[in-house]
1. Would you be able to say whether some residue in the range 50-57 is surrounded by 17 or more Cβ atoms within 10 Å (Cβ to Cβ), in contact with a helix residue (DSSP H, G or I) (Cβ under 7 Å, 6 or more places away or on another chain) and at pLDDT 60 or above?
2. Within the range 75-103, track down each residue that is within 25 Å of residue 20 (Cα to Cα) and in contact with a helix residue (DSSP H, G or I) (Cβ under 8 Å, 6 or more places away or on another chain).
3. If you go through the range 85-104 one residue at a time, how many are exposed (fewer than 12 other Cβ atoms within 10 Å of the Cβ) and not in a loop (DSSP other than H, G, I, E, B)?
4. For residues in the range 68-84 being out of contact with any strand residue (DSSP E or B) (no Cβ under 8 Å at 6 or more places or on another chain) and at pLDDT 95 or above, which is nearest to residue 124 (Cα to Cα)?
5. Taking residue 121, is it crowded, with 19+ Cβ neighbours inside 10 Å and touching a residue at least 12 places away in the same chain (Cβ under 8 Å)?
6. Here is a check on your reading of the model: is residue 15 modelled with pLDDT under 90 and touching a helix residue (DSSP H, G or I) at 6+ places or on another chain (Cβ under 6 Å)?
7. Filter the range 35-49 down to residues that are touching a helix residue (DSSP H, G or I) at 6+ places or on another chain (Cβ under 7 Å) and assigned to a helix (DSSP H, G or I) and give me whichever is modelled with the highest pLDDT.
8. Mind counting the residues in the range 85-108 that are without any contact (Cβ under 8 Å) to a residue 12 or more places away in the chain and under 24 Å from residue 123 (Cα atoms)?
């Protein structure tokens with residue numbers, strides 16, 4: 001389960017507990033997301049690749065694994081039951097599952113989905129290879 005602590009505390013916690021960091025792959029985000037004119041300049045000045053690079057670099061120095069997951073549907077899927085529906089997002093900040101009724105802040109629900117996907121990828125990577 002993702003922590004609500006500052007990033008520095010999460011990195012230290014990941015190292016202390018032997019856990020990793022999960023991130024969305026943010027490639028192509030500028031092409032996928034649409035913003036109104038006043039927001040475009042600010043949005044397009046963000047350096048997503050640079051941020052991911054800094055996180056990966058610092059995590060590698062600390063010996064903490066980083067897993068990047070596909071962002072598709074992380075904000076529309078229910079982290080409790082897995083139900084996927086656009087109607088699960090009645091507004092930008094709210095997530096409410098139309099199937100099981102689970103409700104949470106939309107960003108936190110998406111973070112839970114990212115964490116769950118990363119755990120699956122990590123389990124697949126750590127499987128012993130058959131000879």
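The values are calculated or read from the model by the stated rules, or taken from the named source; none is laboratory data. Just so you know, these numbers come straight off a predicted model, no measurement behind them. Counting neighbours? That spans all protein chains shown, and the Cβs are built from the backbone with ideal geometry, glycine included.
1. Step one: list which residues in the range 50-57 are surrounded by 17 or more Cβ atoms within 10 Å (Cβ to Cβ), which gives 52, 55.
Next, only the ones that are in contact with a helix residue (DSSP H, G or I) (Cβ under 7 Å, 6 or more places away or on another chain) stay: none.
Taking every residue of the range 50-57 in turn, none turns out to be surrounded by 17 or more Cβ atoms within 10 Å (Cβ to Cβ), in contact with a helix residue (DSSP H, G or I) (Cβ under 7 Å, 6 or more places away or on another chain) and at pLDDT 60 or above.
2. If we filter the range 75-103 for residues that are within 25 Å of residue 20 (Cα to Cα), which is where we start, we get 75-82.
Within the range 75-103, 75, 76, 77, 78, 79 qualify.
3. Residues that pass the stated criteria total 2.
4. First, pick out the residues of the range 68-84 that are out of contact with any strand residue (DSSP E or B) (no Cβ under 8 Å at 6 or more places or on another chain): 72, 80-82.
Those still in the list that are at pLDDT 95 or above too: 80-82.
Numbers: 80: 22, 81: 22, 82: 20 Å.
Result: 82.
5. Details: crowded, with 19+ Cβ neighbours inside 10 Å: no; touching a residue at least 12 places away in the same chain (Cβ under 8 Å): yes.
Spelling it out, it is not the case that residue 121 is crowded, with 19+ Cβ neighbours inside 10 Å and touching a residue at least 12 places away in the same chain (Cβ under 8 Å).
6. Values: modelled with pLDDT under 90: yes; touching a helix residue (DSSP H, G or I) at 6+ places or on another chain (Cβ under 6 Å): yes.
Yes; evaluated as a whole, the condition is true for this residue.
7. So the residue we want is 48.
8. Result for the range 85-108: 0.
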